[in-house]
Amino acid sequence: MYDLSVVIPTFNEKDNVRPLFDLLRAALDGRSWEAIFVDDDSPDGTAEEVRSLALEFDNVRVIQRIGRRGLAGACIEGILSSTSPFCAVIDADLQHDETRLAPMLDALQGDGELDIVIGSRNVDGGSSGDGLSRIRRCGSDRATALTRRMLNITASDPISGFFMVRRLSFNEVVTSLQGEGFKILADMLAASAGRWKTHEIPYTFRSRHAGDSKMDSAVALEFVSLLVVRKTGGLVSTRFVLFCAVGFTGIFVQLLSVKIALVFLIDQFALAQAFGVFVAINSNFLLNNLITYRDRALRGRAIWRGLLSFYAVCALGAVMNVGVANSFFATLPFWALASIVGAIAGALWNFIASSLFTWRTR
Ligand code: GDD
Ligand code: MN
């Protein structure tokens, strides 16, 4: 058993594997530690690269996840796969300062009360360096402020994702963590509800070594969903929030399509409406595939099978919607309320059924 497991989530980071490992070896010289790369089956062969490294060093291994995506989930699995009393998470692209790991470990080993040590760019001695573009930096500052306020987090850099946690503390919160998304640190701190003793160590965010960032607008959306999930006390999942957001856009897609259709189908409202519903179902399918289920997105021919099953799910959802609304109306004759209840029932059905049939896990 090692004292420390360093978990490194990777997606297309082949050219960073060895440089990072060399830096880790220098930084953790004399310590008992292992490196766990959690790779989501990167097309560039990151996992192979780790295996070739493992031929030379005993303290390296890889978890290769097939048909899955997601930074937070990768970190969680990496930590769960190890037995060390302390686990760190560090980006593969050399942006986090690995020389901070030794002082982090010292802090945790020296204070049994301490639950987590956080690498921070926002305390004295730390900075975002030139690791972020002007735009990203502005977005990052906003996200930090929002996260701290909404989730009542006192730590100064909850979104950086560079930390070391005590296993026993991690185990307390792991079941409530959201595997989807990027922000595992913010999620853990929110889940600990202010009970954790935290310590911050400054570091300077470096610029990326090789490869490209995976941060994009879908990641930003996932992040907003995470805030909603935590605000509702975990009543809904990230995925459900995203599914509802997509459904909401469907309303506008439908209205717009009906309006356009009416230009051609003058006086044929029923047909125009049917067309609008059809377009909205298709756009919902595509958006859900891109955003809500991007960790198991359908590609190639599987898209057509998925689309057909989504049609079936939505058709039944519509029947469900009308049925529930009708029986509700029969007992409580408020049409608007009955209609909303029907819509909620239909949406719930669509969510549950599509996650079981359309985007089922392999
Ligand atoms: N397994 C796995 N699966 N790893 C992933 C995935 C994924 O879906 N997406 C990203 N990663 C890995 C990357 O390969 C990299 O090692 C690490 O997670 C960070 O991803 P980047 O794509 O480099 O993120 P970033 O640099 O844009 O964002 C970083 O800085 C932000 C603060 O500004 C991350 O540390 C964020 O967590 C942080 O908020
Ligand atoms: Mn990065």
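The values are calculated or read from the model by the stated rules, or taken from the named source; none is laboratory data. None of the values given here were measured: they were computed from a predicted structure. Here the Cβ positions follow ideal geometry from the backbone for every residue, glycine too, while neighbour counts run over all protein chains shown. In case anyone asks, the SASA skips ligands and DNA or RNA and just uses the protein heavy atoms, side chains included. Shrake-Rupley method; radii C 1.70, N 1.55, O 1.52, S 1.80 Å.
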Checklist line | Checking Leu235 against (1) within 14 Å of ligand 1 (Cβ to nearest atom); (2) without any contact (Cβ under 8 Å) to a residue 24 or more places away in the chain, the condition it does not meet | finding: (1)
Margin query: Restricting to region 288-302, name every residue that is assigned to a helix (DSSP H, G or I) and open to solvent by 50 Å² or more (accessible area, probe 1.4 Å).
Written below: Leu290, Arg294, Arg296
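For region 206-232, enumerate the residues that are polar (S, T, N, Q) and either touching a strand residue (DSSP E or B) at 6+ places or on another chain (Cβ under 8 Å) or buried (at least 17 other Cβ atoms within 10 Å of the Cβ) (or both).
In the first step, residues of region 206-232 are kept if they are polar (S, T, N, Q); the result is 207, 213, 217, 225, 232.
Result: Ser225, single match.
Kindly indicate the residue of region 145-157 that is free of Cβ contacts under 8 Å to residues at least 24 places away in the same chain and under 20 Å from Arg195 (Cα atoms) and also least open to solvent (accessible area, probe 1.4 Å) among those meeting that condition.
Applying the first criterion (free of Cβ contacts under 8 Å to residues at least 24 places away in the same chain) to region 145-157 yields 145, 148-149.
When the remaining residues are screened for being under 20 Å from Arg195 (Cα atoms), the result is 148-149.
On the way: Arg148: 94, Arg149: 167 Å².
Only one residue tops the list, namely Arg148.
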Item checked: Unmet criterion (only one of (1) away from ligand 1 (no atom under 13 Å from the Cβ); (2) open to solvent by less than 60 Å² (accessible area, probe 1.4 Å); (3) among the acidic types (Asp, Glu); (4) in a loop (DSSP other than H, G, I, E, B)) for Glu200 -> (4)
Notebook entry, point to check: Quick one: is Ala72 small (Gly, Ala, Ser), over 18 Å from Leu24 (Cα atoms) and either within 17 Å of the chain's Cα centre (by Cα) or open to solvent by 30 Å² or more (accessible area, probe 1.4 Å) (or both)?
Noted result: yes
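Within region 97-108, count every residue that is within 16 Å of Thr198 (Cβ to Cβ), open to solvent by 20 Å² or more (accessible area, probe 1.4 Å) and either touching a residue at least 12 places away in the same chain (Cβ under 8 Å) or aliphatic (A, V, I, L, M) (or both). Lay out the reasoning, then the answer.
Applying the first criterion (within 16 Å of Thr198 (Cβ to Cβ)) to region 97-108 yields 100, 103-108.
Now restrict to residues that are open to solvent by 20 Å² or more (accessible area, probe 1.4 Å): 100, 103, 106-107.
Applying the additional criterion that residues be either touching a residue at least 12 places away in the same chain (Cβ under 8 Å) or aliphatic (A, V, I, L, M) (or both) yields 100, 103, 107.
The total comes to 3.
Residue under question is Ile90, and the condition is that it be at pLDDT 95 or above, touching a Ser or Thr at 6+ places or on another chain (Cβ under 8 Å) and open to solvent by less than 40 Å² (accessible area, probe 1.4 Å); does it hold? Spell out the reasoning first.
Working: at pLDDT 95 or above: yes; touching a Ser or Thr at 6+ places or on another chain (Cβ under 8 Å): no; open to solvent by less than 40 Å² (accessible area, probe 1.4 Å): yes.
No: the conditions fail for Ile90.
Restricting attention to region 1-60, which residues are in contact with a Cys (Cβ under 6 Å, 6 or more places away or on another chain) and within 16 Å of ligand 2 (Cβ to nearest atom)? Before the answer, list the steps.
Initial filter on region 1-60 (in contact with a Cys (Cβ under 6 Å, 6 or more places away or on another chain)): 5, 7, 9.
Listed by number, the residues that qualify are Val7, Pro9.
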Item checked: In region 323-362, the residues that are open to solvent by 50 Å² or more (accessible area, probe 1.4 Å), closer than 27 Å to Thr292 by Cβ and not in a helix (DSSP H, G or I) -> Arg360, Thr361, Arg362
Item checked: Residue under evaluation Val123, criteria (1) open to solvent by 20 Å² or more (accessible area, probe 1.4 Å); (2) of a type outside the set (Gly, Ala, Ser); (3) at pLDDT 90 or above, criterion not met -> (3)
Checklist line | Residue ID - most open to solvent (accessible area, probe 1.4 Å), chosen from residues in region 52-61 that are out of contact with any Leu (no Cβ under 9 Å at 6 or more places or on another chain) and within 16 Å of ligand 1 (Cβ to nearest atom) | finding: Arg61
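Evaluate the following for Gly194: is it outside the structural domain of Thr99 (by TED's automatic domain parsing), outside any helix (DSSP H, G or I) and more than 11 Å from ligand 1 (Cβ to nearest atom)? Working first, answer last.
Working: outside the structural domain of Thr99 (by TED's automatic domain parsing): no; outside any helix (DSSP H, G or I): yes; more than 11 Å from ligand 1 (Cβ to nearest atom): yes.
For Gly194, the condition - outside the structural domain of Thr99 (by TED's automatic domain parsing), outside any helix (DSSP H, G or I) and more than 11 Å from ligand 1 (Cβ to nearest atom) - is not met.
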Next item on the list: Those residues that are open to solvent by 10 Å² or more (accessible area, probe 1.4 Å), in contact (Cβ under 8 Å) with a residue 12 or more places away in the chain and more than 10 Å from ligand 1 (Cβ to nearest atom), I need them from region 27-47; list them, please.
Entry: Ala27, Arg31, Ser32, Trp33, Glu34, Pro43, Asp44, Gly45
Next item on the list: Looking at (1) open to solvent by less than 20 Å² (accessible area, probe 1.4 Å); (2) within 10 Å of ligand 1 (Cβ to nearest atom), find the lone condition where Arg136 falls short.
Entry: (1)
Notebook entry, point to check: For region 51-66, does any single residue satisfy the condition of being at pLDDT below 95 and under 21 Å from the mean Cα position of the chain (by Cα)?
Noted result: yes
Checklist line | Given (1) of a type in the set (A, V, I, L, M, F, W, C); (2) under 12 Å from Phe37 (Cβ atoms); (3) in contact with a Lys or Arg (Cβ under 8 Å, 6 or more places away or on another chain); (4) away from ligand 2 (no atom under 16 Å from the Cβ), index of the condition Phe86 fails | finding: (2)
